[in-house]
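Have a look at the structure below before the remarks.
The values are calculated or read from the model by the stated rules, or taken from the named source; none is laboratory data. None of the values given here were measured: they were computed from a predicted structure. Accessible surface areas use protein heavy atoms only, side chains included; no ligands, DNA or RNA. Shrake-Rupley method; radii C 1.70, N 1.55, O 1.52, S 1.80 Å.
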Amino acid sequence: RRKERDELRETFNRFDKVHSGELTVPMVFDLMRYVYGFTLRESEALQIMQDVDNDGNGLMSFSEFLHMTRQYRETELQRARACFLAVTGKRISAGLTLREAVNAMKSLQISVEEK
């Protein structure tokens, strides 16, 4: 967990071009393209900022970035669980990780696209 947090900090710092400890909308736009591999419209990046901007300053702090990352991962895990249920008719236990779900689907010879 500590290693993952350090890696996320390193990624965050890579996009904090002015070393202020906070990211602007264009910086978040670039970060999302790098981390998740997709390009957002500026309006989408702005919406993400508004969703996680706890202090209302229009910038994304590292703690807000961590919150966004957790939300994204939880959404992806929910999608994997729904896909697994749809394909197999079986529920995934609440403690199953995304990696375990992917491995389970692969063991059932279900095609899984990984990033």
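Miscellaneous remarks
- Share of carbon and sulfur in the accessible heavy-atom surface of the range 1-93 [1.4 Å probe, %]: 49 percent
- Stretch gain in nm, segment residue 46-residue 70, where the contour uses 0.36 nm per residue and the Cα spacing is subtracted: 6.8 nm
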